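**Student:** Below are the structure tokens for one structure; questions will follow.
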Amino acid sequence: MNALINIVKQGLGLGSVAVNGGVHPPEHKQESTTQAIGQLPLPKRLVLPLRQHVGNLPKVLVAVGDKVLKGQLLAEAEGNISAAIHAPTSGTIAAIEDALIPHPSGLPDRCITIAVDGKDEWIALAPSDWRKEDKTKLLESLRNSGIVGLGGAAFPTQVKLRTNAKSHVDTLVINAAECEPYITCDDMLMRERADQILKGVEIAQYLLGAKECLIGIEDNKPEAAEAMRLACAISPLSKLVTLKVVVVPTQYPSGDARQLIRLLTGIEVPADKRSTDVGLQCFNVATVLALHRYFDFGEPALSRIVTITGNVKTPANFEVLFGTPITDLVKAGGGALEDTNDYIMGGPMMGFSLPSVDVPITKAANCIIASAPNLFAPAPPAMPCIRCARCADVCPVSLQPQELYWFSKSSNLEKARDYNLFDCIECGCCTYACPSNIPLVQYYRFAKSEIIAQDRAKEAADLARERNEFRLMRIEREKQERAEKHAQKAVGAKAEAAKTESAPATEASDDASIAAKKAAIAAAIERAKVQKAAAVPQNVADAKPAVQAEIAEIDARREAAKQAVSELAGDNTPSTQDKK
Amino acid sequence: MSRSPYLSSAPSVSIIMVKVMLALVPAIAAYVWVFGAGILVMLALASVTALAAEALMLKLRNRPIKPFLMDGSALLTAWLLALSLPPLAPWWLVVVGTFFAIVIAKQLYGGLGYNPFNPAMVGYAVLLISFPVIMTHWPAPLELAQAKLSLANQLQYIFGTTNGLSLDAVSMATPLDYLKTQLTLHHSVQEITAAPQFGLLGAKGGELVVGAYLLGGLYLLQQRLITWHLPTAFLSVLALMAGAFYLVDATHYAHPLFHLFTGASMLGAFFIITDPVSGPTTPKGKLVFAAGIAVLTYLIRVYGGYPDGVAFSVLLMNMCVPLIDAWTQPRVFGHKK
């Protein structure tokens, strides 16, 4: 039905289904597309963060000092969502320790450092004849391919290729939109290696069983689109399924998976579902190419194409081994110009400033931009929101950013959630369009993290409360159980007593023990009395004789009084005993 | 660390305000042509008062003065108020209205971005209620005036230096006012609109100003400083409303075009109801808001106690904005309505 609407719309000259919002920032893509993809010389050291993907940390299989070959598994995927790490070249494991990684937090994380030996010696490669293999076996082997989404999200690809009865994929969408300004790695990859990409598409189609493959490219990449069209025409896949290159208008953020799916198919993936729930799956072009290299040659994920651009002498694209220091890449780009003051990983819309230029290239690193004040001017001070709603006009998911800002700023987090804060894809269009220069996305990131923290705290509190309630219940139960036991015992004891009444021997022994106790107590009292008498008060030791006499008299009177009291007590004793 | 996006495309708030003022220039020129240069003095008076009041309040509120004076919002409020007043009015009227608009309606609510009511309209409503006679007596267009007013005469009138110049000598009832009073005297609309102050569509001379507002409004649309929703909904609902009444009884209800081209309709459609701060933000909300203003404006014009109703309608609908926004939230991507 949606396809039909699409056809009608295209027939009417409306092109693809228009999405709400979006912006058109200056593209700056020409600068880095003048040269072919280059190769970097082997670096001396490679630093491989264990966390280069979304999901669990992989389990390290090597130790410091181990010799490793190119392509050797260094850390294997752990748990359902995880990705393996391989040695991008041969060398020796120099360290397994925390080091600075390219992450907005600027915090160090676990990394494996390889001292490169320069031989670039491969392990024995095991390509598979995937068309004849069992799919489950292929997917199992993919677990340790190290392949993750290379568009920037870095989600383990093996997870996305698993299908089950609930989620069957009819349409495979290949994301080649590359909508962020400055980034050209996918563009160059398509221009130069379209045939290899198509081989990867074949594999993805085979694994998913898709009936249709759509390759979405923005219209600012005509060379890439042409190369892909040619590759499609000669691909054997075109005889099996519908295989099409769809050119979409250049508009940021059309490269967002859900936005692109909407553009290409007209289907809006429900916010609370995955795309596979509606028969769609989406992969980046570089990711499917990695599939081809893995299955057809046995090569795991070892490198990627990275754009080096911005304030460098010769912006270009390079095939970079994972773990390569970014300084090497900058050097390859002709070096940074003098006024460079920052390095951005990713595009200018969603990227982040690197904590240092020495951090390594990771699987998610599609682009490094050398930044300078004349390139990206620091934002002027923020003015109050004038509710002009330009942010709402450009929001690709039709949120009301001005309301979300208001709620986030006033920490009215419940309201922010009600206004669908969590549907925000943090594309940055709102900030881009804000005349008051309000860093809106930062407010949303803050509000999201606050809400998540609150939810966790609430969960913890709920858990603690449940535990406490259970504990109280348990104590109560134990008390009851004890009471019951006592009652039973008492009943039992009475019965016992009734049985043992005619047994005087025990009684006699009881009396004997009581007498012994009484004797012990009497002896103790005696000892105490002796001690008390021996202790003469210090302050009266050297008093005058007259005073001494007076003290003796008082003591005597006290003694007499004590006597009298104890006699009285002695009289009372029987009555208290009666009460007992 | 993460401060993305690193790019920005938006014109600053100051640029937006300056462009809106630029869009008012044709109307000001038309004013000078039709009513004389007195309006320029009124604009200057309002501007100075607004800037002084804004600076004073910012100082009292311990806010940085320069960035907020430079944002141009106070100046724009002053211009819109001055253009809403009769083109020839005593200086203190301009000063009191502007002062009220800036101090009470804007700064006391928190300044730029925080005022729930349109400041210019608050100033206007206060003046209309407090000084109804002065506010409803407009000078006659120069071509109709019995006594031709020189700039010196106009200045004398504004600053009240001569007592000889009487208001009645130079002023006449506005068409909306005239229509209303004459209708109560059982004249038909056709008879009434034959009076000299009526022009082709609206008021003689005033039409030119209205046309200039339309021109400025189109510039705002072209520059994407306003969206089509507000002016389109306001003007079409006003025309529909007037049209329905006109079709039922043409002798008692004026032609829809008359309603569009008289009073503050055109100024309101493009410059007043489009104030973003006090208006709704959702596209549907804008339609509802503008339609509400149009209905109220027509009702006040026809049944209310005042000749025009734009200011009151705007203020009434300003009160409904939070509700309208809450009710008209657009469908979020991937959500069912």
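**Student:** In debye to the nearest 20, how big a dipole does the range B:12-173 give about its Cα centre with +1 on each Lys and Arg Cβ and -1 on each Asp and Glu Cβ? Display every interim value, and only then the final one.
**Tutor:** Numbers: 7 positive and 4 negative charges, 101 e Å.
Result for the range B:12-173 is approximately 480 debye, rounded to the nearest 20.
**Student:** Shape verdict for the range A:385-487, please, from the Cα gyration tensor: rounded (a/c under 1.5), prolate (a/b greater than b/c) or oblate.
**Tutor:** Working: a/c = 5.41, a/b = 5.05, b/c = 1.07.
Prolate shape, in that a/c is at least 1.5 and a/b is the bigger ratio.
**Student:** Still on this structure, I have one more. Could you work out [θ]222 nm for chain A from helices alone, using -39500 (n - 2.57) per DSSP H run of at least four and dividing by all its residues? Round to the nearest 500 deg cm²/dmol.
**Tutor:** Working: 16 runs with 245 residues, N = 580.
When only DSSP H runs of four or more count, the value is -14000 deg cm²/dmol.
**Student:** If you average the C-alpha positions of the range A:368-439 and of the range A:99-115 separately, how far apart do those two centres end up, in angstrom?
**Tutor:** What the calculation gives is 30 Å, centre to centre.
**Student:** Step through the table entries B:K19/B:K204; A:K273/B:K337; B:K286/B:K336; A:K160/A:K211, compare each Cα-Cα distance with 20 Å, and write down the pairs that go over it. Walk me through the intermediate numbers first.
**Tutor:** On the way: B:K19/B:K204 28 Å; A:K273/B:K337 16 Å; B:K286/B:K336 22 Å; A:K160/A:K211 17 Å.
Over 20 Å apart, Cα to Cα: B:K19/B:K204; B:K286/B:K336.
**Student:** Another question about this same structure. For A:K494, give me every one of the lysines with a C-alpha distance below 19 angstrom, ignoring sequence neighbours fewer than eight places off in its own chain.
**Tutor:** A:K494 reaches A:K485.
**Student:** What full-extension length gain, to one decimal in nm, is calculated for A:A377 and A:A515 as 0.36 nm per residue of separation minus the Cα-Cα distance?
**Tutor:** Difference between extended and current length: 39.8 nm.
**Student:** Moving to a separate point now. Roughly speaking, what is the centre-to-centre gap between the range B:85-138 and the range B:28-54 when only Cα atoms are used, to the nearest Å?
**Tutor:** Taking the Cα centre of each part, the range B:85-138 and the range B:28-54 sit 14 Å apart.
**Student:** So what is the 222 nm mean residue ellipticity for chain B from helices alone, if each DSSP H run of at least 4 adds -39500 (n - 2.57) and you divide by all residues, rounding to the nearest 500 deg cm²/dmol?
**Tutor:** Here the helix-only value at 222 nm equals -18500 deg cm²/dmol.
**Student:** Sticking with this structure for a sec: B:T136: net charge of surrounding residues, Cβ under 11 Å, Lys/Arg +1, Asp/Glu -1, itself excluded? Let's see the in-between values first.
**Tutor:** Numbers: positive: B:K180; negative: B:D177, B:D308.
For residues surrounding B:T136, the net value is -1.
**Student:** Next question, about the same structure. When only C-alpha pairs under 8 Å and at least 6 residues apart count, what is the relative contact order of the range B:179-328, in percent?
**Tutor:** On the way: 183 pairs, mean separation 36.3, N = 150.
With pairs under 8 Å counted, the relative contact order is 24 percent.
**Student:** When you look at the Cβ of every residue in A:104-117, what mean number of other chain Cβ atoms sits within 10 Å?
**Tutor:** Mean inter-chain Cβ contacts per residue within 10 Å come to 1.
**Student:** Counting Lys and Arg as +1 and Asp and Glu as -1, what is the net charge of the other residues whose Cβ lies under 13 Å from the Cβ of A:E27?
**Tutor:** Once all neighbours under 13 Å are counted, the net charge is -4.
**Student:** First check a/c for the range B:12-173, with a ≥ b ≥ c the square roots of the eigenvalues of its C-alpha gyration tensor; if it is under 1.5, answer rounded, and if not, answer prolate when a/b is larger than b/c or oblate otherwise.
**Tutor:** Prolate, since a/c reaches 1.5 and a/b exceeds b/c.
**Student:** Sticking with the crude label model, points 7 Å out along Cα→Cβ, report the distance from A:R45 to B:S9 in nm, one decimal please.
**Tutor:** Modelled inter-label distance: 4.3 nm.
**Student:** Which whole-number percent is the relative contact order of chain B (Cα, under 8 Å, 6+ apart)?
**Tutor:** Worked out over chain B, it gives 18 percent.
**Student:** While we're looking at this one, here's another question. Under a point spin-label approximation (7 Å from Cα along Cα-to-Cβ), what is the A:L107-A:K244 distance to one decimal in nm?
**Tutor:** Computed distance between label sites A:L107 and A:K244 equals 4.6 nm.
**Student:** For the pair A:S356 and A:A556, what calculated FRET efficiency results from E = 1/(1 + (r/R0)^6), where r is the Cβ-Cβ distance and R0 = 60 Å, to the nearest 0.05?
**Tutor:** For A:A556 and A:S356, the calculated efficiency is 0.05.
**Student:** What distance in nm separates the simple spin-label points at A:E319 and A:A549, each placed 7 Å from Cα in the Cβ direction?
**Tutor:** Here the answer is 12.3 nm between the modelled labels.
**Student:** About its Cα centre, how strong a charge dipole does the range A:385-487 have in debye, to the nearest 20, once Lys and Arg get +1 and Asp and Glu get -1 at the Cβ?
**Tutor:** Details: 17 positive and 16 negative charges, 62 e Å.
It works out to roughly 300 debye.
**Student:** Oh, and also: Peptide B:321-331: average number of partner chain Cβ atoms within 10 Å per residue?
**Tutor:** What the average comes to for B:321-331 is 2.
**Student:** For A:F297 and A:A63, what does the FRET efficiency come to when R0 = 25 Å and r is the distance between their Cβ atoms, rounded to the nearest 0.05?
**Tutor:** That pair, A:F297 with A:A63, gives E of 0.30.
**Student:** Can I get the semi-axes of the protein assembly as shown's equivalent ellipsoid? Compute them from the C-alpha gyration tensor as square roots of 5 times the eigenvalues, in angstrom, largest first.
**Tutor:** Here the semi-axes work out to 73, 55, 30 Å.
**Student:** So, one more: Order of B:W91, B:W138, B:W79, A:W122 from fewest to most other C-beta atoms within 10 Å?
**Tutor:** In increasing order of surrounding Cβ atoms, one gets A:W122, B:W91, B:W138, B:W79.
**Student:** Moving on to the next point. Taking A:K221 as the anchor, which lysines have their alpha carbon closer than 20 Å to its alpha carbon, excluding any fewer than eight residues away along the same chain?
**Tutor:** The qualifying lysines are A:K29, A:K244.
**Student:** Once the Cβ-Cβ distance between A:T327 and A:A115 is put in as r, and R0 is 22 Å, what FRET efficiency do you end up with, to the nearest 0.05? Walk me through the intermediate numbers first.
**Tutor:** Numbers: r = 17 Å, r/R0 = 0.78.
Calculated value: 0.80.
**Student:** Report, in whole Å, the centroid distance computed from the Cα atoms of the range A:57-90 and the range B:246-262.
**Tutor:** Rounded to whole Å, the Cα centres lie 82 Å apart.
**Student:** Averaged over its residues, how many other protein chain Cβ atoms are within 10 Å of peptide A:391-404's Cβ atoms? Please report the intermediate quantities before stating the final value.
**Tutor:** Details: counts 2, 4, 4, 2, 3, 1, 4, 9, 4, 8, 1, 4, 5, 0.
Per residue, the average neighbour count from other chains is 4.
**Student:** Going Cα to Cα from A:K59, which lysines come in below 19 Å? Please leave out same-chain ones fewer than 8 positions away.
**Tutor:** A:K67, A:K70, A:K363
**Student:** Can you give the charge dipole size of the protein assembly as shown about its Cα centre, rounded to the nearest 20 debye, using +1 on the beta carbon of Lys and Arg and -1 on the beta carbon of Asp and Glu?
**Tutor:** Details: 83 positive and 81 negative charges, 146 e Å.
Using Cβ point charges on Lys, Arg, Asp and Glu, the protein assembly as shown gives about 700 debye.
Every number here is computed from the coordinates shown, using simple stated rules; none is lab data. The structure presented is a predicted model; accordingly, all values stated were derived computationally and were not measured. Every residue, glycine among them, receives a Cβ derived from its backbone with ideal geometry; neighbour counts consider all protein chains shown.
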